[in-house]
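My structure is below; once you've seen it, I'll send some questions.
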Amino acid sequence: MRKATSLLLLPAALSTTAPLAAQSDETLPSAFDAGWNGEDVCERLFENAEMRVARCTFPSGIGHERHYHRPHWGYILQGGTMRITDADGTEDVTTESGGNWWSDGVEWHEAVNVGSETSVYLIVEPKGE
């Protein structure tokens, strides 16, 4: 069963506190490179040698194909309801604007916005190693 990191933060279904077991299956794109039906969903806002930042936008019915995450911090600009699928199964997760989370990495997951509102997140990923 998944645990929320905090009642005010993003539910654990979109995040994890478990270390990223392997960098990723090399066939999977990173969250910054994954899209939906051939279209980009994340816009890179900033990148330098130390970090990168993207804004990911998911209108109703739009998702994020299977991808992995390096360790990252996220901020919810506009909440909504996402259907998240990972190795533990599928769960509908409702997020609230202003929530945030830290993740030590995600081996893989995929998501689709099953709500009626557009969901928007900022992802801040430190570079390293």
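Computed from the coordinates by the stated procedures, all read-outs in this text should not be read as laboratory data. Predicted model only: the values in this text are computed from it and were never measured. Glycine also receives a Cβ, built like all others from the backbone with ideal geometry; neighbour counts cover every protein chain displayed.
Can you list, largest first and rounded to whole Å, the semi-axes you get for region 12-126 by taking the square root of 5 times each eigenvalue of its Cα gyration tensor? List each step's numbers first, then the result.
Values: eigenvalues 72, 53, 41 Å².
The three semi-axes for region 12-126 are 19, 16, 14 Å.
While we're here: For the pair Asp104 and Asn37, how long in nm is the line joining their label points, each one 7 Å along Cα→Cβ?
In this crude label model, Asp104 to Asn37 measures out at 3.8 nm.
For a footprinting-style exposure proxy, rank Val93, Val124 by other Cβ within 10 Å, fewest first.
Working: Val93 20, Val124 16.
By the 10 Å Cβ count, ascending, the order reads Val124, Val93.
What's the FRET efficiency of Ser116 with Thr27 using the Cβ-Cβ distance as r and R₀ = 30 Å, to the nearest 0.05? Numbers along the way, then the final one.
On the way: r = 33 Å, r/R0 = 1.11.
In this case the efficiency is close to 0.35.
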